[in-house]
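Below you'll find the structure, written out as C-alpha cells, and then a few comments.
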Amino acid sequence: MAQEDLSRLKIDKTPGVPRPVLRRSRYYWVAGFALAGLLLILYVGGVLTPAVDVRVVSVQRTYPSQAFTLLNASGYVVAQRKAAVASKATGRLVWVGVEEGSRVRRGDVLARLEDADVRAQQSQAEANLRNARTVREQALAELRDAELSFRRAQSLLSEGIVARADFDAADARYRKARAALAGAEAAIGSSSAALEAARVAVEYTLIRAPFDGVVLTKDADVGDIVTPLGAAANAKAAVVTIADMGSLQVEVDVSESNLGQVREGGPCEIQLDAIPDARFRGVVHMIVPTADRSKATVMVKVRFLDTDRRILPEMSAKVAILSRPVGAADRHPGTTVTPAAVVERGGRNVVFLVKDDRVKETPVTLGIRIGDLVEVTGGLQAGERVVSAPGERLRDGSRIRITEK
C-alpha cells in the first residue's frame, strides 16, 4: 500500500498562470473600458471639445425712428422762462409758503416780509385822506353859503338897497370859498396818492409768483434779510427761483458741418437719460444765429410736442433730427439684433444664445429692417446676448470663448 501511494506522487510540469495575476489583469480590462466610456461621454458632452472663439452682441430695444434719423445731438433741458423772485423792498422774511417742487399760479404769495412800519404808514395815509375829504365837505358848505350871499348882494345892489362895499365883500368871500374847495380837492388827490404809495409799499412786502411755474430752489428762509441788490452782508437777493414748465426746450450743439440737415420746424425725437424707456416728439424751434468758435458748433433749440411731468430742467437729453415726423406705428420699440447674428440652419432662422460658456441654438422670427438692425418678433428678449457671425463649427451646446475683437 505504501508503495502504491508513493507511486502516485509526481510533479506536474504543465505551465500555468497564477490566480492573483489573472484577477489583476481582469481589473485592468474593466478599468480600461470604464476610462474609454468616460472619455467618450466627455467628448460627446463637449467637455473635451476645444472652445470656439466668438464675438458676442446684445439684443436691443430699438425705435423705428432710427431708420430715418438724419443726425443725433446731445444737450440739456432748459426752461426758457425762469425767474429769481425777489422783493423790491428790503426787509426780514417772516413767512415762506413754498418749497422745492411746489407748483404755483401767477399772483400766488410765495413769501412775506415784516410789514409793521409800512402798514402804519398806510394807516396814516388813510387817516389823512379821510381828513382831506372832511375838509372838502367843509369847503363845499362854505362855498354854498358864500355863493348865496353873493347872489343876494348882487340882487340888492342892482336895486340900490346895499352899498357897493358890502357887495365887494360878498364877492371876495365867494371867491375865497371856491379857492378853498379847489385846495381841499387837491389835498384829497395828494392824500389818495400817498395812500396808494403806502399800499404799494405794503404790496412790496408780499413776494408773488410772476407766472405759473414750479419752484426750483428756495434761496432764503424765515429770518433772512432780503434786499433787491443783495449788497448787505449775509443778505439774500432772491427768495425762490421758479421756472415755467411749459417753456421747457432742449438746447443742443450741432456741428457746423451738419447744420444743413437742420431746419426750423423740422421733426425731432427726444430721449432723456432720466427716462430711458420713453421717446418724446419735438420740433426744431430755433437755430440760434451765432456759432461757438471754440467748438465749431451752433446751438439749436428743440421744443417738446409731448409734455410729461417727469421732464425737469437741466436733465441731459439726446435729440434725433428726423427726415419725417414720427407716426403712430413708429412710437413703439421693437426687439432688434444685428443681421450677422442670424443664420439659417435646417431651413429656419436661428441665433446662438449665450448661456455662461456655452451656446443654445434658438429659432427666431424676423420682422422689418430698422436701420442697420433687423427686428426679431419672437424667440429673443432685449438684454440677452447672442453670437455675432457664428461659423459652421458652432453647434447647439458648443463651448465658447468670448473675444473682444
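What follows draws every value from the coordinates through simple rules; no lab data is involved. If you're wondering where the values come from, they're calculated on a predicted model, not measured in any experiment. When we count neighbours, we look across all protein chains shown, and the Cβ atoms used for this are built from the backbone with ideal geometry, even at glycine.
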quick shape note, region 283-405: Cα extents on principal axes in Å, largest first -> 59, 37, 27
Checked region 99-254 with the C-alpha gyration tensor, a ≥ b ≥ c its square-rooted eigenvalues, rounded below a/c of 1.5, otherwise prolate if a/b is larger than b/c and oblate if not; verdict prolate
The FRET efficiency for Arg61 and Ala84, from their Cβ-Cβ distance with R0 = 51 Å and rounded to 0.05, is 0.80
In debye to the nearest 20, the charge dipole size for the chain, taken about the Cα centre with +1 at each Lys and Arg Cβ and -1 at each Asp and Glu Cβ, equals 1840
Here the membrane-span-like helices of the chain, with no claim about any membrane, defined by DSSP H, Cα axial extent at least 24 Å and mean Kyte-Doolittle at least -0.5, are 19-44, 164-204
Using alpha carbon centers only, region 331-405 is separated from region 183-207 by a whole-angstrom value of 80
Residue by residue through region 88-94, the couplings from Karplus 6.51 cos²θ - 1.76 cosθ + 1.60 with θ = phi - 60°, in Hz, x for Gly and Pro, are 6, 9, 9, x, 9, 5, 10
Region 100-124 and region 239-318 have their Cα centres apart by a whole-number Å value of 36
In cubic angstrom per residue, the convex hull of region 116-204 built on its Cα atoms measures 61
Summing -39500 (n - 2.57) over every DSSP H run of at least 4 in the chain, dividing by its residue total and rounding to the nearest 500, the 222 nm mean residue ellipticity is -10500 deg cm²/dmol
Here the Kirkwood hydrodynamic radius of the chain, Cα-based and in Å, equals 32.1
Plugging the Cβ-Cβ distance of Arg385 and Leu259 into 1/(1 + (r/R0)^6) at R0 = 45 Å yields, to the nearest 0.05, a FRET efficiency of 0.70
Checked against a 24 Å limit on the C-alpha separation, the offending pairs among Lys82/Lys318; Lys218/Lys301; Lys218/Lys295; Lys82/Lys218 are Lys218/Lys301; Lys218/Lys295
Site Arg401, offset 7 angstrom along Cα→Cβ, radius 20 Å on amide nitrogen, limited to region 362-377, gives none
Thr217 and Arg358 label points (each 7 Å along its Cα→Cβ direction) are spaced in nm at 5.9
With +1 at each Lys and Arg Cβ and -1 at each Asp and Glu Cβ, the charge dipole magnitude of region 116-204 around its Cα centre, to the nearest 20 debye, comes out at 100
